[in-house]
Amino acid sequence: MAPGKQPQTLNSATTGDFAHSITTGDYAESATTGRFANSATTGRYANSATTGDCADSTTTGRYANSATTGNASNSAATGDTSRASAMGRGAVAASIGRDGAAKAALGNWIVCAEWNDGVPVNVRAAQVDGVEIKADTFYKLSGGAFVELA
């Protein structure tokens, strides 16, 4: 980005049952709420968020973030240093990009990938049990094991 130039921010927001929101571009943001609502973004620093039962959030891009809350809701993030989180019951947070991390509520699942020289070498899933995998805490994979982020 040129010095002194502000990034163009692309935003989209929807609300209501079956609501959908999609954006693309660096700094893109998408948010939606409602049962079965979906939100998707792509681009560096892109953010995607949903709330509502069976709502899904997905994002891809370096430093991208995906978050969802609601029962049976899922969150997915790909891209270097991406983050995924899922709150509610019966949800999955998956961050499968290089140096990605995931967190979820108690009883939910996290999925992370570990990379070496641009090649995935491990992919693991674990249920948040409050003991080995703590609730609302980001984890990444290292050496094939989940490691808590500070």
Given the conditions (1) in a strand (DSSP E or B); (2) over 24 Å from Ala40 (Cα atoms), every one holds for Val131 apart from (1)
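If I ask for residues that are assigned to a strand (DSSP E or B) and out of contact with any strand residue (DSSP E or B) (no Cβ under 7 Å at 6 or more places or on another chain), which ones from the range 112-122 would you list?
Applying the first criterion (assigned to a strand (DSSP E or B)) to the range 112-122 yields 112-116, 119-122.
Asn116, Val119, listed by residue number.
Can you give me the number of residues within the range 129-139 that are touching a residue at least 12 places away in the same chain (Cβ under 8 Å) and either hydrophobic (A, V, I, L, M, F, W, C) or open to solvent by 60 Å² or more (accessible area, probe 1.4 Å) (or both)? Break it down into steps so the answer makes sense when it comes.
Going through the range 129-139, the residues touching a residue at least 12 places away in the same chain (Cβ under 8 Å) turn out to be 129-130, 132-139.
In the following step, the residues that additionally are either hydrophobic (A, V, I, L, M, F, W, C) or open to solvent by 60 Å² or more (accessible area, probe 1.4 Å) (or both) were identified as 129, 132-136, 138.
Residues in the range 129-139 being touching a residue at least 12 places away in the same chain (Cβ under 8 Å) and either hydrophobic (A, V, I, L, M, F, W, C) or open to solvent by 60 Å² or more (accessible area, probe 1.4 Å) (or both): 7 in total.
If the requirement is being at pLDDT 90 or above, within 10 Å of the chain's Cα centre (by Cα) and among the aliphatic types (A, V, I, L, M), which of these qualifies: Ala72, Ala91, Ala113, Ala77? First the steps, then the outcome.
Numbers: Ala72 fails: within 10 Å of the chain's Cα centre (by Cα); Ala91 fails: within 10 Å of the chain's Cα centre (by Cα); Ala113 fails: within 10 Å of the chain's Cα centre (by Cα).
None of the others qualify; the one that does is Ala77.
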Please go through the range 140-150 and pick out each residue that is open to solvent by 30 Å² or more (accessible area, probe 1.4 Å) and in a loop (DSSP other than H, G, I, E, B).
-> Gly143, Leu149, Ala150
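For the range 42-74, which positions are of a type in the set (S, T, N, Q) and surrounded by 23 or more Cβ atoms within 10 Å (Cβ to Cβ)?
The initial filter retains those residues of the range 42-74 that are of a type in the set (S, T, N, Q), namely 42, 47-48, 50-51, 57-60, 65-66, 68-69, 71, 73-74.
Asn47, Ser48, Thr50, Ser57, Thr58, Thr59, Asn65, Ser66, Thr68, Ser73, Asn74, listed by residue number.
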Looking at Ala76, is it assigned to a strand (DSSP E or B) and farther than 15 Å from Ala19 by Cα?
-> yes
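Applying the selection to the range 86-111, what residues are outside any loop (DSSP other than H, G, I, E, B), in contact with a Ser or Thr (Cβ under 6 Å, 6 or more places away or on another chain) and crowded, with 24+ Cβ neighbours inside 10 Å? First the steps, then the outcome.
Step one: filter the range 86-111 for residues outside any loop (DSSP other than H, G, I, E, B), giving 86-87, 92-95, 101-104, 109-111.
Subset that is in contact with a Ser or Thr (Cβ under 6 Å, 6 or more places away or on another chain): 86-87, 93, 95, 101-103.
Result: Ala86, Ala93, Ser95, Ala101, Ala102, Lys103.
The values are calculated or read from the model by the stated rules, or taken from the named source; none is laboratory data. Computed from a prediction, not measured in an experiment: that's the story for all the values here. Here the Cβ is made from the backbone with ideal geometry for all residues, glycine too, and neighbour counts use every protein chain on show. Calculation scope for accessible area: heavy atoms of the full protein, side chains included, ligands and nucleic acids excluded. Shrake-Rupley method; radii C 1.70, N 1.55, O 1.52, S 1.80 Å.
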